[in-house]
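Taking it in order: structure first as structure tokens, then the write-up.
The values are calculated or read from the model by the stated rules, or taken from the named source; none is laboratory data. The structure presented is a predicted model; accordingly, all values stated were derived computationally and were not measured. Positions of Cβ are backbone-derived with ideal geometry, glycine not excepted, and every protein chain shown enters the neighbour counts. Accessible surface is based on the protein model in full, side chains and every heavy atom, while ligands, DNA and RNA are left aside. Shrake-Rupley method; radii C 1.70, N 1.55, O 1.52, S 1.80 Å.
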Amino acid sequence: MNRYASPPTADPRNSPQSRFDAHARECHADALAHVSPHVLSRLQQARRAATLGAPRRHSRVWAWSGSAAVLALALGVGVQFQRAPDSTQGASVPMANTADLAAGQAVAALGEVDSEVSGLLAALDENPDFYLWLAANDGALSPPAERYP
């Protein structure tokens with residue numbers, strides 16, 4: 001028994017909407033029972049055609065032609081990279097040794113890096129405020145042994 005008094009509610013099975021719905025379902029079931037075999041066959045064929053989709057006739061032709069085009073492009077690019085230089089054009093120009101060229105470039109790059117680093121260090125040496133700031137903030141950091149156990 002319910003302790004709380006609730007207002008009486010109408011039975012949802014007897015509402016006008018549920019009666020209309022039940023009547024519509026009965027009419028639909030009756031219509032399905034009286035469908036002729038010819039119409040039923042046509043409906044089944046239409047359902048099969050819709051679920052299978054349209055047949056693809058030219059999909060293989062496009063796939064083969066696209067693959068052939070990509071292959072031809074790749075071969076063309078590969079041949080361009082594999083072609084040897086013409087001996088008549090470069091005969092009068094001496095070619096540099098690639099090992100000597102790479103070593104020279106490495107030395108030049110190292111010289112540039114050294115000049116940049118020395119320039120940065122010189123800027124720090126000229127600015128004593130940096131060292132004052134560094135000393136003032138030194139107490140804010142814990143010793144390295146405490147930070148990395």
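Below is a table of values for the structure above.
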quantity	calculated
Residue, nearest to the chain's Cα centre (by Cα), within the range 34-45, restricted to residues that are open to solvent by 80 Å² or more (accessible area, probe 1.4 Å) and of a type in the set (A, V, I, L, M)	LEU43
Pairs where the first residue, in the range 23-36, is closer than 20 Å to ARG13 by Cα and the second is acidic (Asp, Glu) and at pLDDT below 90, C-beta under 6 Å, 6+ apart	none
Residue in the range 91-140 that is most open to solvent (accessible area, probe 1.4 Å), counting only those that are modelled with pLDDT of 65 or more and not in a helix (DSSP H, G or I)	GLU126
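Condition check ((1) modelled with pLDDT under 90; (2) exposed (fewer than 10 other Cβ atoms within 10 Å of the Cβ); (3) in a loop (DSSP other than H, G, I, E, B)) across all residues:
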| position | (1), (2), (3) |
| --- | --- |
| TYR4 | yes, yes, yes |
| TRP62 | yes, no, no |
| LEU71 | no, no, no |
| ALA84 | yes, yes, yes |
